[in-house]
Amino acid sequence: MEKYILYTGEIEGKYREIQIYPLNYSNYEYLIHWDGFEVGVIKKIDSKWYTETEELSSVLNELGSFIDENGVSPDY
């Protein structure tokens, strides 16, 4: 997971540095770290973004839109 997208901005009312890592086994799943901590995974299914992580649910669409615009694909 050397490649990642770096996103900095306000998330949930706080300025955060977010690293978005594409998972090697899928073009549609991304591991999210913010402020140096792993938060969870978001994935895209049929053009819609999903997560099982409560912390990411409120920012899911914002992160998904950012990935759609600036996506990094895993190297196979």
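The values are calculated or read from the model by the stated rules, or taken from the named source; none is laboratory data. What you see is a predicted model; the values in this text were computed from it and never measured. Glycine gets a Cβ as well: all are built from the backbone with ideal geometry, and neighbour counts include every protein chain shown. These area figures cover heavy atoms from the full protein model, side chains too; ligands, DNA and RNA do not enter into them. Shrake-Rupley method; radii C 1.70, N 1.55, O 1.52, S 1.80 Å.
What the table shows:
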quantity: 3 or more residues open to solvent by less than 70 Å² (accessible area, probe 1.4 Å): qualifying strands (runs of 3 or more DSSP E) within region 7-54; calculated: 14-22, 29-34, 37-45
quantity: All positions within region 14-60 that are more than 18 Å from Asn70 (Cβ to Cβ) and aromatic (Phe, Trp, Tyr); calculated: Tyr15, Tyr25, Phe37, Tyr50
quantity: Residue list for region 38-65, restricted to those being under 10 Å from the mean Cα position of the chain (by Cα) and small (Gly, Ala, Ser); calculated: Gly40, Gly64, Ser65
